[in-house]
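The values are calculated or read from the model by the stated rules, or taken from the named source; none is laboratory data. Bear in mind the structure is a predicted one, so any value in this text is a computation, not a measurement. Virtual Cβ from ideal backbone geometry, glycine too; neighbours counted across all protein chains shown. Only protein heavy atoms, including side chains, enter the accessible area calculation; ligands, DNA and RNA are left aside. Shrake-Rupley method; radii C 1.70, N 1.55, O 1.52, S 1.80 Å.
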Amino acid sequence: MANAHESELHYPFGDSVPVPGEVIDIAPGVRWLRMGLPFALDHINLWLLEDGEGWTIVDCGITNDATKAAWDQVFASALQGKPVIRVVATHMHPDHIGLAHWLTEKWQCRLWISATDYNGARLASQSTTGFGGERSAAFFASHGLTDPAALAKVRARANYYAGMVPQVPDAYRRLMDDMTVDVGGHPWRCIAGYGHAPEHIALHSEQLNLLISGDMVLPRISTNVSVYDLEPEADSLTLYLDSLARYETLAGDTLVLPSHGKPFTGLQARVRQLRDHHDERLADVMAACRDKPCHAAELLPLLFKRTLDLHQTTFAMGEAVAHLHALWHAGSLARSCGSDGVWRFAATR
Ligand SMILES: [Zn+2]
């Protein structure tokens with residue numbers, strides 16, 4: 001959802017963005033690059049950190065020829081003759097881990113990632129887990145999505161994850177909350193976050209006053225917070241909102257390097273905006289469920305005031321369920337499954 005209060009944030013690089021294959025220097029030894037994505041969200045930001053005699057890459061892009069070609073261009077022009085010695089993935093989503101297998105193979109180096117996301121990526125690249133296929137379609141149907149065409153597309157999308165992440169490296173190095181990773185003499189602290197991915201790792205350098213926020217804090221759009229068929233009773237939104245508290249305590253002038261959008265300052269303002277945004281949504285959902293018991297699909301027009309394509313509809317369904325579940329787990333809603341097999345949520349107060 002687009003941020004109506006974006007003007008409260010400051011973009012120190014103005015409108016400059018790197019074209020694929022080129023870099024923009026953010027700070028000494030920190031370079032910003034971008035790769036394309038075949039979605040409405042059309043890009044991902046990646047980071048190169050100078051690491052002594054080499055470079056650490058943070059996030060990878062999806063597996064396709066265009067992304068590989070852009071990386072090759074970066075390798076030819078932006079590494080100052082030094083090798084890549086480490087690949088970090090903030091989390092398991094395809095745009096972040098997709099090319100990790102190719103990058104670690106090419107440079108003979110290790111992937112660093114949380115254990116939860118490593119194992120999730122391994123499983124998802126080998127099967128259908130939560131992003132498409134029969135179980136995913138059944139999950140959406142149980143939350144009121146009845147459009148046969150949409151369900152058929154979800155069923156047909158069983159290969160969704162593996163298409164962008166055909167392979168995951170055979171071994172990895174584990175990142176954990178509060179662990180410090182030394183990159184070229186600068187300590188970067190891992191901050192685990194939940195609700196968007198199983199165990200997302202953001203990286204904070206107090207010395208450099210930088211936060212690589214991954215997908216946990218984005219300037220322009222709100223982070224996708226969904227419930228998936230693999231964990232159908234999840235309370236992702238509460239996990240996400242609780243996780244935001246970890247960023248609020250960082251310095252007010254921290255430069256945030258997000259995976260989508262532009263580097264910005266105004267972290268505390270952005271966290272407050274995100275909290276307000278979800279509070280409003282929760283109030284809307286609560287009001288609707290006071291009128292009559294509601295399922296997730298019928299809340300889509302209330303929560304998303306624009307036309308959604310299939311990719312956006314599945315994300316939107318997951319988000320609608322996440323809002324319902326936050327209120328359900330808090331005791332404000334009770335849920336019951338109708339004779340039609342659909343979960344409906346009614347206000348308890
Ligand atoms: Zn993500």
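Picking from residues in the stretch 293-322 that are touching a strand residue (DSSP E or B) at 6+ places or on another chain (Cβ under 8 Å) and open to solvent by less than 40 Å² (accessible area, probe 1.4 Å), the one that is nearest to PHE39 (Cα to Cα) is ALA296.
With respect to (1) polar (S, T, N, Q); (2) in a loop (DSSP other than H, G, I, E, B); (3) farther than 25 Å from ARG157 by Cβ, the lone exception for SER336 is condition (2).
Would you say GLN126 is at positive phi and open to solvent by 50 Å² or more (accessible area, probe 1.4 Å)? Criteria not met by GLN126. Hey, does the stretch 249-271 have a residue that's among the charged types (D, E, K, R), open to solvent by less than 20 Å² (accessible area, probe 1.4 Å), within 20 Å of the chain's Cα centre (by Cα) and away from the ligand (no atom under 16 Å from the Cβ)? Yes, that holds for at least one residue.
Name the pairs whose Cβ atoms lie under 7 Å apart, with the first residue in the stretch 254-279 and hydrophobic (A, V, I, L, M, F, W, C), the second open to solvent by 10 Å² or more (accessible area, probe 1.4 Å) and within 16 Å of the ligand (Cβ to nearest atom), and 6 or more positions between them or separate chains? Pairs that qualify, where the first residue is hydrophobic (A, V, I, L, M, F, W, C) and the partner is open to solvent by 10 Å² or more (accessible area, probe 1.4 Å) and within 16 Å of the ligand (Cβ to nearest atom), are LEU274/SER222. Among the residues making up the stretch 103-116, those that are among the hydrophobic types (A, V, I, L, M, F, W, C), touching a residue at least 60 places away in the same chain (Cβ under 8 Å) and either surrounded by fewer than 24 Cβ atoms within 10 Å (Cβ to Cβ) or more than 15 Å from the ligand (Cβ to nearest atom) (or both) are LEU111, TRP112, ALA115. Out of ARG349, ARG335, ARG344, one residue alone is over 18 Å from the mean Cα position of the chain (by Cα), over 25 Å from ALA138 (Cα atoms) and open to solvent by 50 Å² or more (accessible area, probe 1.4 Å). It is ARG349.
So, in the stretch 52-80, exactly how many residues are in a helix (DSSP H, G or I), small (Gly, Ala, Ser) and open to solvent by less than 40 Å² (accessible area, probe 1.4 Å)? Before the answer, list the steps.
The first filter runs over the stretch 52-80 and keeps only residues in a helix (DSSP H, G or I), leaving 65-77.
Checking which are small (Gly, Ala, Ser) leaves us with 66, 69-70, 76-77.
Adding the requirement that they be open to solvent by less than 40 Å² (accessible area, probe 1.4 Å) leaves 70.
Within the stretch 52-80, residues that are in a helix (DSSP H, G or I), small (Gly, Ala, Ser) and open to solvent by less than 40 Å² (accessible area, probe 1.4 Å) number 1.
Test of understanding: among ALA4, ALA78, which residue is at pLDDT 95 or above, more than 24 Å from HIS200 (Cβ to Cβ) and away from the ligand (no atom under 16 Å from the Cβ)? Step by step, each of ALA4, ALA78 is checked, and only ALA78 is at pLDDT 95 or above, more than 24 Å from HIS200 (Cβ to Cβ) and away from the ligand (no atom under 16 Å from the Cβ).
The rows are residues; the columns are (1) over 30 Å from GLY266 (Cβ atoms); (2) in contact (Cβ under 8 Å) with a residue 12 or more places away in the chain; (3) among the β-branched types (Val, Ile, Thr).
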{"position": "ALA40", "(1), (2), (3)": "no, yes, no"}
{"position": "ALA70", "(1), (2), (3)": "no, yes, no"}
{"position": "GLY81", "(1), (2), (3)": "yes, no, no"}
{"position": "VAL88", "(1), (2), (3)": "no, yes, yes"}
{"position": "LEU99", "(1), (2), (3)": "yes, yes, no"}
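Looking across PRO83, PRO38, PRO94, one residue alone is open to solvent by 10 Å² or more (accessible area, probe 1.4 Å) and within 14 Å of the ligand (Cβ to nearest atom). It is PRO94.
Kindly indicate whether ALA66 is closer than 30 Å to GLY29 by Cβ and within 16 Å of the ligand (Cβ to nearest atom). So ALA66 fails the test.
Just to be sure, is HIS325 more than 30 Å from ASP25 (Cα to Cα) and buried (at least 23 other Cβ atoms within 10 Å of the Cβ)?
Details: more than 30 Å from ASP25 (Cα to Cα): yes; buried (at least 23 other Cβ atoms within 10 Å of the Cβ): yes.
Answer is yes for this residue.
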